[in-house]
Amino acid sequence: MKGSDLARAALEAARASAKERGSRVVRGTGQGAVARRRRRRWSGPGPDDRDPQPLGRLASRIAAERGWAERLAGGQVFARWGALVGEDVAEHAQPVAFGDGELTVQADSTAWATQLRLLQRELLKRIAAGVGDGVVQRLKVQGPAAPSWRYGPRHVPGRGPRDTYG
């Protein structure tokens, strides 16, 4: 077999496989490129994925696809804290941490910490109404943080320098 016969046989085999796939050989391109026989469809009057989308819808779709929805909802609790729980509560308590459905709130006094523990169910209902049901499942209330007397890299365990009675 000559080289031209091999080329002819390869061309016929390529045309046969293209015909099986539903493609056609485009003539006039110089390289025998295969183009698909697919007609371009227009989106029409109804909504379609190819239509321009609002940025908020795209962001929420990306968040849902990547599993960020819970973390974003937790961020909404921090951002909208005053509107969710009321200005009087927000004045005396701030959210500190959120994870695994548990929101940690720190009060500025022990009296407000006790008050928040009593209002816990009501606060959970308000938060669920604002950001969605099931986002915050538990509320952990902490009292005011005591100052740390542990200064510097070298700390001696036991009673410290403020021990004047011993």
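Laboratory data are not the source of any read-out in this text; all were calculated from the coordinates shown. Remember, it's a predicted structure, so these values are computed and weren't measured experimentally. Here the Cβ positions follow ideal geometry from the backbone for every residue, glycine too, while neighbour counts run over all protein chains shown.
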query = Distance in nm between label sites at residue 64 and residue 146, each 7 Å beyond Cα in the beta-carbon direction?
reply = 4.9
ask   = Taking the Cα-to-Cβ direction at residue 15 and at residue 94 and moving 7 Å from each Cα, how far apart do the two end points lie in nm?
value = 7.8
inquiry  = So, R0 is 41 Å and r is the distance between the beta-carbons of residue 137 and residue 53; what FRET efficiency does that work out to, to 0.05?
reply    = 0.80
